[in-house]
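Working notes for the structure below.
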Amino acid sequence: MKATTDSKARQDAGGLIMTVMERMAVSDKVLPDVTELLMQDHRQVNDWFEAYDRLPDPAMKSNVAKQICAALKAHASAEEIILYPFARASTGDETLVDRAFEEHGRIKDLVAAIELADPGSAEMDDLIHRLAGEVQLHVVEEEGRMFPEMREQGADLYAIGGALAARRAELMAADMGKSTPRAHGPLKPIYWRPDMHQASAEIAESLFVAGLKDAHAMERQSQEMLELMLSRIENYPQVRERVAQHLDETLMQKERLEQILEMTGSDRSVFKDMAMSAMGVMGAMANAMAEDEILKNSLTSYAHENFEIASYEALITLGQEAGYTQALPLLGKSLTEERGMAMWLAEHLREVTLIFLQLRSQGVKAGR
């Protein structure tokens, strides 16, 4: 009966994801390679397993155990709903996919036991070590067999990656919402690295909060820039569609930053949108290199996206060092969106330039 239920769930999921895929094809999104995305997850969880063994304090161990369990639940669910139906269809290897489901079953059983174990107990230590072993075996199977087979068979790893990233983010956000309701006040950071002194952690926290405010200003400026671009773009429908999509993403990124700032205890009334002098430099570079507005916008936007990518990467590092691990999924979602926009701009720059040349030869301006 369970096998029949699992089969039905996978078929339903396959139909749902095909609908998602069709929408992606229409919007021409640039998405992350699913195998690279999942391998990053594998490395992160492995780092947490190693950190767990080094921690002397039961409360710190409990916090890392919770992070491991939350990440593995979201990771496994996203794989089962998104990845495995495509792996089964693309590789035709029923045994490989069925074994992956079985491995997930053992991992989930251990996660459930860990969530019931007493923090810092010998039982929890034993369960964590057993879980680490099961995860390692699963990683070897996926990275050594499933991922290469999917690549060899030509599966659309980028489209699958976009669907999986979205599903995983939803699961992590739901789990975070249950475990740390915003109404309960600021999130208290937990400094779980044994080699980090309190003073270093406090410096990291100060830099993290300052960086969040700078990022909020950065996204406010991005919003204004994208709104201006939308009001002027003509004759480039594909560019207009992608800019409109990224404007929606930017508005969400601002909301995420405000949510994280509230976690740190910052008052929204003190949010200050500071001018980013680097943007002036980027704009000057673009003006010097291009004559038409569409090319200026493309160059400036590409520079700005890479500036934002670097900003979010630094924020994630500071957030981890400061102990705000619950904020990392939100920052990671924004980072993925910025990388996607940067990739889209890079891949379409030649196309935009050729269209610009054609329109200019006809005496048509690109913007209003």
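The values are calculated or read from the model by the stated rules, or taken from the named source; none is laboratory data. In this text, all values refer to a predicted model and were calculated from it rather than measured experimentally. We place every Cβ from the backbone using ideal geometry, glycine too, and count neighbours over all the protein chains shown.
This table checks each residue for (1) at pLDDT below 75; (2) not polar (S, T, N, Q).
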| site | (1), (2) |
| --- | --- |
| 280 | yes, yes |
| 283 | yes, yes |
| 288 | yes, yes |
| 298 | no, no |
| 319 | no, yes |
| 325 | yes, no |
| 342 | no, yes |
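What pairs can you find where one residue is in region 102-115 and under 17 Å from residue 141 (Cβ atoms), the other is basic (Lys, Arg) and at pLDDT 95 or above, and their Cβ atoms are less than 8 Å apart, with a gap of 6+ or different chains?
110/130
For residue 145, indicate whether it is modelled with pLDDT of 70 or more, surrounded by fewer than 18 Cβ atoms within 10 Å (Cβ to Cβ) and part of a helix (DSSP H, G or I).
yes
State whether one or more residues within region 72-85 are aliphatic (A, V, I, L, M) and surrounded by fewer than 20 Cβ atoms within 10 Å (Cβ to Cβ).
No.
Does at least one position in region 118-126 carry a residue that is farther than 27 Å from residue 327 by Cβ, crowded, with 21+ Cβ neighbours inside 10 Å and over 21 Å from the mean Cα position of the chain (by Cα)?
no
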